[in-house]
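The values are calculated or read from the model by the stated rules, or taken from the named source; none is laboratory data. Owing to the predicted nature of the structure, the values given are computational and were not obtained by experimental measurement. Heads up, the Cβs are rebuilt from the backbone with ideal geometry, glycines too, and the neighbour counts pull from every protein chain shown. Heavy atoms of the whole protein, side chains included, go into the accessibility calculation; ligands, DNA and RNA do not. Shrake-Rupley method; radii C 1.70, N 1.55, O 1.52, S 1.80 Å.
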Amino acid sequence: MLEWIECEKMKKITNFENKKVLVLGLAKSGEAAARLLTKLGALVTVNDGKAFEENPAAQALLELGIKVVCGSHPLALLDEDFELMIKNPGIPYSNPMVEKALAKGIPVLTEVELAYLVSEAPIIAITGSNGKTTTTTMIADVLNHGGQSALLSGNIGYPASEVVLKAEPKDRLVMELSSFQLMGVDAFHPHIALITNLIPTHIDYHGSLENYVAAKWNIQQRMTNEDYVILNADQELTRVLASKTQAKVLYFSTKKEVEGAYLQGDKLYYNGEFIMEASSIGVPGLHNVENALATIVVAKLSNIANHVIVDTLKHFGGVKHRLQYAGQLHDITFYNDSKSTNILACQKALSGFDKENLILIAGGLDRGNSFDELVPDIKGIKKMILIGETAGKMELAADTAGVSHSNAKDVAEATRIAFKEALAGDIILLSPANASWDMYPNFEVRGDEFLKTIEDLKGEF
């Protein structure tokens, strides 16, 4: 059992004191974990692959007196009798350092688990293949507008180990979680858990769809019949999970009446109670109706008044890089959906627009898949501008759909070509349907280049 004493903003876990902990991999979450562990009295060593002279995070941690090993991952480091490893979520379990730690019986966790152990605030946890960030943000907005203090945390860009330093018992941690993070939890126990949807993705990391689903399902492994799991009733893959949890199950659906929130015609309901019209949600697309329905379930469980739910969802402006409205120029509208890193995300984005006025910028990292299933969704759009390793494969899909297309060397050039081709009333949508790593460090950098190019165009015209 954990021993702890009350302090101003969090539990202080005393059984980390003087324990040797290895933090493997930095980035935001690794740095936050190292700082938190140090506050808890642990003897922390950080190991990161980036060279020390190119590693500002490692330099800052060294100044705190934390031992830092950079530039490689020496297996001999694990001979120092560590009692715990906190692993960056992106590092696979096949990594030699992780394999050796497990072989030595060293527990390997992610910083989400560490954050849970010290947090006094109850957790609302959100995962899924698509829609996590938008739904997480919607939920936090609704709770905050309803007078409850909701703090964004997790995979949304605010490391949980950092957020818990300021979280109080009256707060709610609204936590977006990836499958990578959920593989490394044990005691983690949210009061409400939500799975937006599940599709085959990150199979290169997990090895199989079954492993991927199992990682996601870890979100509820410690939940009881006093907790709630919210599932997508329109997916067989998520419906079958309902019988495999101790928690109470509620649903959301755009296709049928369920126990929870659902769409009938253009109206959203919660257990027979009318909430609002779907057409008044502030962001377009059926996928955002799904996100709103999931949000409504959490809001009702949290005793948020209907008028607050309606007002928040009506004025919801989206999330950066997720169908983000990016402005207008000469009556041409731009949307940034750089977080569209798979085909389903692109399909959902396309469903929210009038295709005949749409110019789509797409393409990116080649993971070996074809784009045949995208053909029905792109049929009828005005033009495609293609980038990245998959440009050739996407050309085949465009030709099959009868859509004209051009190629560009990067997002900036693609945006300029699209703008040159566009007429008043057209929409330019960046929704790549691919990961960014062939050209950009992450989808944020890719989206930022799109936004910067739009601003540059505004300055030129």
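What lysines sit close enough to Lys19 to cross-link, taking a C-alpha to C-alpha distance under 27 Å and skipping anything fewer than 8 places away on the same chain? Excluding near neighbours in sequence, the set is Lys9, Lys11, Lys28, Lys39, Lys50, Lys67, Lys87, Lys100, Lys104, Lys166.
By its C-alpha gyration tensor, with a ≥ b ≥ c as the square roots of the eigenvalues, how is the range 324-460 shaped: rounded for a/c under 1.5, else prolate for a/b larger than b/c, else oblate? The shape class here is oblate.
Given the pairs Lys216/Lys320; Lys20/Lys300; Lys255/Lys339, which are separated by over 32 angstrom at their Cα positions? Violating the 32 Å Cα-Cα cut-off are Lys20/Lys300.
In this structure, the amide hydrogen of Ala435, modeled 1.01 Å from its nitrogen in the peptide plane, lies closer than 5 angstrom to those of Leu365, counting only residues at least 5 positions away or on a different chain. Local charge for Leu194 was computed over the other residues whose Cβ lies under 14 Å away, with Lys and Arg +1 and Asp and Glu -1, and equals +2. Using θ = phi - 60° in the Karplus curve 6.51 cos²θ - 1.76 cosθ + 1.60, the 3J(HN,Hα) couplings for the range 255-267 round to 10, 7, 6, 9, 6, x, 10, 7, 9, 10, x, 10, 10 Hz; x is entered for Gly and Pro. Summarising the strand pairing of the chain, around 25 percent of its internal DSSP beta bridges are antiparallel.
Among the trypsin sites (Lys or Arg not before Pro) found in the range 111-194, those both in a DSSP coil and sparsely packed, with 12 or fewer other Cβ atoms within 10 Å of their Cβ, are Lys166, Lys170. At a probe radius of 1.4 angstrom, the accessible area of the chain per residue rounds to 40 square angstrom.
Beyond 43 Å, what percent of the Cα pairs of the chain remain?
16
Ligands, DNA and RNA left out, the accessible area of the range 324-460 computed with a 1.4 Å probe is 50% carbon and sulfur. Quick check on the range 115-315: take the gyration tensor over C-alpha atoms, sort the square-rooted eigenvalues as a ≥ b ≥ c, and tell me if it's rounded (a/c under 1.5), prolate or oblate. Since a/c reaches 1.5 but b/c is at least a/b, the shape of the range 115-315 is classed as oblate.
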